[in-house]
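**Q** Questions regarding the structure given below will be posed in turn.
Only the coordinates and a few stated rules stand behind these numbers; no lab work does. This structure is a prediction, so every number in the text was calculated from the model and none was measured. A quick note on method: Cβ atoms are made from the backbone with ideal geometry, for glycine too, and the neighbour counts reach across all protein chains shown.
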Amino acid sequence: MDNFHTYFLMTSEDVIRYAKEKIVMFINSEKLSGEEIGDGNLNYVFRVKDEATGKSVIIKQAGHTARISDDFVLSTDRIRIEAGALQLERALAPGLVPRVYFFDEVMSCLVMDDLGSYKIMRAALLEFEMFPEFAEHITTFIAETLLRTSDIVMDHKQKKALVKDFINPELCEISEDLVFTEPYFDQFKRNEVIEENLEFVTEHLYDNEVLKEEVALLKYAFLTNAQSLLHGDLHTGSVFITKEDTKIIDPEFAFYGRMGYDIGNVVANLVFAWVNGKANQKTEFVNWVEQTIVDVIDLFKMKFVKVWKEYATELFAKNTAFQVDYLQSVITDTAGMAGLEMNRRIVGLAKVKDITSLTGQKRVQAERDCITIANRFIFERELLENGIDFITIMKQVMEGNK
Ligand code: SR1
Ligand code: MG
């Protein structure tokens, strides 16, 4: 029987043995259950529970390929990256990240808090649930984790050491392909476009040379600018939530990149929830999402300035004009990156249920609206300053004023 000294992909039975052998709280447990509960694209996630005490943990293990497709051959180093990012984020944004008990380099797995009473935010949004504290929590998370890992706050040499620790070439390549390139070229023939929107997508994405110039600029900002330690995949499937509490999970795509990539992901995935709410005529929910998008931008800006004032060590940080320009460049990136995330979720292989759960003409129109909003976010990114500017574009597109 394998004793976990060499890597292998675990089954539920293996995970129970693993827990008994490696996790102190389970060593004397007589009745452990193990269940694979993952629904992400890359890894295997098990809940291990002591049926007598009710105590449970999550064990997340990386395989050598992505769970959704063997096309993606990936280093299991992503679990080391995730464990490191979770620990750092938890120090910077206490209470907003689950606790990691330990990381096992041999088995490429990590053991962490079970957030059993929380829901995956995307699933809850599909039920039109509203979360009044979300904007407050997510803006604390992004302001603290992004600015405090940047050169504005950190000693430049220490920051470079972190850049090195979080080199994440394979997961970055996934984003470079799926987010920044395939939606515009379909070079690997992996895109999945519904028949009714083929012509629309060809005109607005594949043949849109003016757009491609802007996308190229954003792609090169992503490839070449080590601004902050990003979560790297901050969509609503990476958020565990209750009415009162929010936990950010799954930072396996973490690396040093542009702050706007994380914030843009948050905004884009809220826009998907908004489009879904509109298609289902859920007025109260739609209004809440609009206010949440406004708050995400505006509260982030407020907290960014606060964190800057409290923690900046860069001598130029006292120059107010520099701070204003820096913050605006983050919002500009946010709009551009939100547009890119929206386009890729419509045409690429990694889709979102907010849109795919719509049927018939509702889905056709929702996809077109998303692409139209996305392209306006990209083209007009330098003009967007506040939350309301994002909403104005969304409403104009929906009202047919494109
Ligand atoms: C092959 S992975 C596809 C997508 O799932 C992850 O959550 C990332 O968003 C990635 O782009
Ligand atoms: Mg994930």
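**Q** Being in a loop (DSSP other than H, G, I, E, B) and within 15 Å of PHE222 (Cβ to Cβ) is the filter here, so list the residues in region 131-184 that pass it.
**A** Pass one, region 131-184, residues in a loop (DSSP other than H, G, I, E, B): 131-133, 148-155, 166-168, 179-181.
Across region 131-184, the qualifying residues are PHE166, ILE167, ASN168, VAL179, PHE180, THR181.
**Q** I'm checking my understanding of the structure. Among residues of region 212-236 that are part of a helix (DSSP H, G or I) and in contact with a strand residue (DSSP E or B) (Cβ under 8 Å, 6 or more places away or on another chain), which one is nearest to ligand 1 (Cβ to nearest atom)?
**A** THR236
**Q** Name the one entry in ASP186, ASP165, ASP151, ASP155 that is more than 15 Å from ligand 1 (Cβ to nearest atom) and under 20 Å from GLU341 (Cβ atoms). Give the steps one after another, and end with the answer.
**A** Numbers: ASP165 fails: under 20 Å from GLU341 (Cβ atoms); ASP151 fails: under 20 Å from GLU341 (Cβ atoms); ASP155 fails: under 20 Å from GLU341 (Cβ atoms).
Selected residue: ASP186, the only one of ASP186, ASP165, ASP151, ASP155 that is more than 15 Å from ligand 1 (Cβ to nearest atom) and under 20 Å from GLU341 (Cβ atoms).
**Q** If I filter region 161-181 down to residues being touching a residue at least 24 places away in the same chain (Cβ under 8 Å) and more than 16 Å from the chain's Cα centre (by Cα), which single residue comes out as surrounded by the most Cβ atoms within 10 Å (Cβ to Cβ)?
**A** Our first condition is that a residue be touching a residue at least 24 places away in the same chain (Cβ under 8 Å); within region 161-181, this holds for 162-163, 165-168, 170-172, 174-176, 178-181.
After this cut, where a residue has to be more than 16 Å from the chain's Cα centre (by Cα) as well, the list is 162-163, 165-167, 170, 181.
Details: LEU162: 16, VAL163: 14, ASP165: 17, PHE166: 22, ILE167: 12, GLU170: 14, THR181: 18.
Filtering first and then ranking leaves PHE166.
For (1) acidic (Asp, Glu); (2) within 16 Å of ligand 2 (Cβ to nearest atom), each residue gets a yes or a no:
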residue: GLU105; (1), (2): yes, no
residue: ASP113; (1), (2): yes, no
residue: MET130; (1), (2): no, no
residue: THR139; (1), (2): no, no
residue: ILE142; (1), (2): no, no
residue: ALA161; (1), (2): no, no
residue: GLU170; (1), (2): yes, yes
residue: SER175; (1), (2): no, yes
residue: PHE180; (1), (2): no, no
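**Q** Taking SER75 and the conditions (1) in contact with a Gly (Cβ under 6 Å, 6 or more places away or on another chain); (2) part of a loop (DSSP other than H, G, I, E, B), which numbered condition does it fall short on, given that it satisfies the others?
**A** (1)
**Q** For THR53, all conditions in the list (1) surrounded by fewer than 15 Cβ atoms within 10 Å (Cβ to Cβ); (2) in contact (Cβ under 8 Å) with a residue 12 or more places away in the chain; (3) closer than 20 Å to VAL100 by Cβ; (4) of a type in the set (Val, Ile, Thr) hold save one; what is the number of the exception?
**A** Only one criterion in (1) surrounded by fewer than 15 Cβ atoms within 10 Å (Cβ to Cβ); (2) in contact (Cβ under 8 Å) with a residue 12 or more places away in the chain; (3) closer than 20 Å to VAL100 by Cβ; (4) of a type in the set (Val, Ile, Thr) is unmet by THR53, namely (3).
**Q** Out of all the residues in region 237-254, which are touching a Gly at 6+ places or on another chain (Cβ under 6 Å) and away from ligand 1 (no atom under 13 Å from the Cβ)?
**A** none
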